[in-house]
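Here is the structure we will look at.
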Amino acid sequence: MKIVGGQAAQPGQFPWQISLRACQRCSHTCGGSIISADWILTAAHCIETNVRTYFVAAGERVLFEDPSNTVPTSLIRVHNSYNNPRRMDNDVALLKLSRSLTFNQKIRPICLHSDGDVQPRPGTPLTVSGWGTTSEGGNTAKVLQIVSLPFKSDAQCRQKLNLAYTMNMICAGYDSGGRDSCEGDSGGPLVFKGKLIGVVSWGRGCARPNQPGVYAKVARYHGWIRQVTGLGSNNNNNNNNNRPQESRPPTNINPSTQITQPIINQPSILGQHQFACTNSGIQPIQVLPNKPGQLNFFADSSYPARADCKWHL
Ligand code: ARG
């Protein structure tokens with residue numbers, strides 16, 4: 001049993017999952033998530049001050065299956081308020097890649113969960129993935145592992161974790177224990193309805209009864225992520241109303257499809273946007289550069305296949 005109490009991921013099931021290494025041939029140290037072609041979100045406690053460049057392996061399921069595909073980072077940004085005042089509060093860091101990822105079946109970004117999205121209820125299953133240890137003090141996994149864990153309310157988390165639990169965290173796990181993330185999963189994704197809701201952060205031991213795993217709450221960090229990366233801010237001096245109208249991507253999208261289409265004025269359309277449909281709410285999506293003059297976006301299986309949808313770019 002890996003992650004603890006989990007099972008092997010299918011190829012391409014978690015294309016946003018990366019493995020973080022402190023040097024090109026170093027062993028796996030942490031997980032992380034692709035949030036755009038150039039940026040990885042991970043945990044602050046994964047970052048060691050003496051490491052200048054990390055290496056990111058994207059598109060892997062079996063660790064080290066293709067040693068040539070690691071990308072070095074060009075910038076490391078740990079959240080300013082990490083460790084301050086509590087050790088594990090604001091446990092998030094951003095890594096910029098020295099070259100952009102090319103998206104494919106095995107490599108793609110994940111959208112960030114936000115306060116405006118549907119919120120999980122206590123008991124709703126969330127999915128965490130990683131190559132972390134299979135048991136407390138055990139060995140790391142070779143094949144990416146996944147486990148589903150019930151979401152807990154803030155009140156439930158505080159009851160189990162007391163003052164160590166802050167408003168910048170969410171927690172998940174079974175009161176009976178047995179399934180959890182563990183050492184080496186840190187920085188990796190906790191996912192709800194196809195969106196990144198948490199970053200693996202800490203826990204007391206792993207999979208112990210009444211000790212839910214704790215995750216940095218992604219919705220708290222949209223502003224910080226926008227500020228550091230520029231993603232979603234339309235900051236390409238184009239945020240006025242008379243920017244040229246793009247030919248918009250199609251609005252009747254079938255779930256689980258990838259849309260590629262030519263665009264005229266690429267920068268104005270890149271970033272985090274909203275795609276709203278009558279009755280089915282708002283879906284933030286990321287529009288990303290692929291080849292010059294093209295944009296790529298991914299509609300996951302939760303995507304509404306409806307014609308009455310509009311882009312908010
Ligand atoms: N701190 C650990 C790491 O660096 C992750 C701990 C998660 N623990 C848990 N019980 N959920 O990989």
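The values are calculated or read from the model by the stated rules, or taken from the named source; none is laboratory data. Bear in mind the structure is a predicted one, so any value in this text is a computation, not a measurement. Here the Cβ positions follow ideal geometry from the backbone for every residue, glycine too, while neighbour counts run over all protein chains shown. Calculation scope for accessible area: heavy atoms of the full protein, side chains included, ligands and nucleic acids excluded. Shrake-Rupley method; radii C 1.70, N 1.55, O 1.52, S 1.80 Å.
Scanning segment 119-148 for residues that are under 19 Å from the mean Cα position of the chain (by Cα) and surrounded by 17 or more Cβ atoms within 10 Å (Cβ to Cβ) yields PRO120, LEU126, THR127, VAL128, SER129, GLY130, TRP131, GLY132, LEU144, GLN145, ILE146, VAL147. Among the residues of segment 80-100, the ones that are open to solvent by 30 Å² or more (accessible area, probe 1.4 Å) and either over 25 Å from LYS217 (Cα atoms) or within 19 Å of the chain's Cα centre (by Cα) (or both) come to 6 in all. Comparison of ALA22, ALA43 shows that the only residue that is closer than 24 Å to LEU112 by Cα, modelled with pLDDT of 95 or more and not hydroxyl-bearing (Ser, Thr, Tyr) is ALA43.
If we keep just the residues of segment 31-45 that are more than 15 Å from CYS111 (Cβ to Cβ) and open to solvent by 10 Å² or more (accessible area, probe 1.4 Å), which is farthest from the ligand (Cβ to nearest atom)? For segment 31-45, the residue satisfying everything is ASP38.
Name the single residue, out of those in segment 170-179 being at positive phi and out of contact with any strand residue (DSSP E or B) (no Cβ under 9 Å at 6 or more places or on another chain), that is nearest to the ligand (Cβ to nearest atom). Talk me through it step by step, then tell me what you get.
Within segment 170-179, the subset at positive phi is 173, 177-178.
With out of contact with any strand residue (DSSP E or B) (no Cβ under 9 Å at 6 or more places or on another chain) added as a condition, the list becomes 177-178.
Details: GLY177: 10, GLY178: 12 Å.
If we take residues in segment 170-179 being at positive phi and out of contact with any strand residue (DSSP E or B) (no Cβ under 9 Å at 6 or more places or on another chain), then GLY177 is nearest to the ligand (Cβ to nearest atom).
Does any residue of segment 152-172 turn out to be of a type in the set (Phe, Trp, Tyr) and over 23 Å from GLY12 (Cα atoms)?
Initially, segment 152-172 is screened for residues of a type in the set (Phe, Trp, Tyr), giving 165.
Add one more test, that the residue is over 23 Å from GLY12 (Cα atoms), and what stays is 165.
Yes: segment 152-172 contains one or more residues that are of a type in the set (Phe, Trp, Tyr) and over 23 Å from GLY12 (Cα atoms).
Of the strands (runs of 3 or more DSSP E) lying entirely inside segment 1-109, the ones with 2 or more residues being of a type in the set (Gly, Ala, Ser) are found at 28-34, 55-58.
Inside segment 180-207, can you point out the residues that are charged (D, E, K, R), buried (at least 19 other Cβ atoms within 10 Å of the Cβ) and more than 10 Å from the ligand (Cβ to nearest atom)? Hit for segment 180-207 is LYS195, nothing else. Among the residues making up segment 2-30, those that are closer than 18 Å to ASP180 by Cα and either of a type in the set (Ser, Thr, Tyr) or within 16 Å of the ligand (Cβ to nearest atom) (or both) are LYS2, ILE3, VAL4, GLY5, GLY6, GLN17, THR29, CYS30.
The residue that is farthest from the ligand (Cβ to nearest atom), counting only those in segment 208-218 that are open to solvent by less than 20 Å² (accessible area, probe 1.4 Å) and not β-branched (Val, Ile, Thr), is ALA216.
So is TYR165 among the aromatic types (Phe, Trp, Tyr) and open to solvent by 40 Å² or more (accessible area, probe 1.4 Å) or not?
Details: among the aromatic types (Phe, Trp, Tyr): yes; open to solvent by 40 Å² or more (accessible area, probe 1.4 Å): no.
No: the conditions fail for TYR165.
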